[in-house]
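Just so you know, all these numbers are worked out from the coordinates, no wet-lab data involved. What you see is a predicted model, and the numbers here were worked out from it, not measured in a lab. Every residue, glycine among them, receives a Cβ derived from its backbone with ideal geometry; neighbour counts consider all protein chains shown.
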Amino acid sequence: MTEVTTETLYCYVHPTRETTLRCATCERPICVSCAIRTPTGYRCKECVKGQQKIFNTAEWYDYVIGFVVAAVLSGIASFLVTLIGGFGIFGWFIISAGAPTAGVFIAEAVRFVVRRRRARALFLTVAAGVVLGALPTLLSQLVFFDLFGVIFQAIYLFIAVPVVYTRLSGIQLFR
């Protein structure tokens, strides 16, 4: 009978913690708190960060272009939301269907102008552009005390901003 000797492994980040896990990419020993579960096995934080940098392809000018396009299109959509306020009870249904549609349209327009480049900061910049684009219309409705206009603008922003962000980032809530 052969005797198997196993070497005790210690986490490379926490040298006092024993472990049996290794990073699937670099083979370094990692403890449970340092391990990040991926579809291909557990990885260390450095390998995951290195992989994420590959997916950030946005250039500096994509932020400016994405912000401007999102702000302009959101300003137009925000103005259209103001017009919907005159439809009474049907306005609620129109805004419920129109806000996600506007969000998809804005996201796809931004994706087209930035040539499908991506980065988390770009998605957040575009979402901020949607909010700032709707701000002038929202402020004008506040000045004129148009309660339904303000409510419709809030509904528009509440629905459109997450739609734009999730559409650009590729987050899937259901598979």
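Along the chain, the exposed loop sites are chymotrypsin sites (Phe, Trp or Tyr not before Pro) outside DSSP states H, G, I, E and B with at most 10 other Cβ atoms within 10 Å, and the longest stretch free of them is 1-143. Taking a point 7 Å from the Cα of ARG115 along the Cα-to-Cβ direction, the residues of the stretch 45-85 with backbone N closer than 20 Å to it are 54-70. Here's how it looks for LEU21: its modeled amide H is under 5 Å from those of ILE30, which are all 5 or more places away or on a different chain. What the Kirkwood sum gives for the stretch 56-169 is a hydrodynamic radius of 13.9 Å, with every pair of different alpha carbons counted. The slack in the chain from ARG17 to LEU139, taken as 0.36 nm per residue of separation less the alpha-carbon distance, amounts to 38.3 nm.
Taking amide H as placed 1.01 Å from N in the peptide plane, the amide H of TYR42 sits under 5 Å from that of ALA24, each at least 5 places away or on another chain.
Dimensions of the stretch 9-54 based on its C-alpha atoms, expressed as ranges along the principal axes with the largest first, amount to 32, 17, 16 Å.
Counting only complete DSSP H runs, which helices of the chain cover 27 Å or more along their long axis at the Cα atoms and score a mean Kyte-Doolittle of 0.0 or above? Membrane-span-like by this criterion, though nothing is claimed about a membrane: 60-84, 89-113, 120-143, 147-169.
Between PRO39, PRO15, PRO29, the Cα set farthest toward the positive side of the dipole of the stretch 9-54 (charges on each charged residue's Cβ, about the Cα centre) is that of PRO39.
A Förster radius of 22 Å, combined with the Cβ-Cβ distance separating TYR10 from LEU124, puts the computed FRET efficiency at roughly 0.05. Modelled spin-label separation between ILE36 and ALA97, with each label point placed 7 Å from Cα along the Cα-to-Cβ direction: 4.2 nm.
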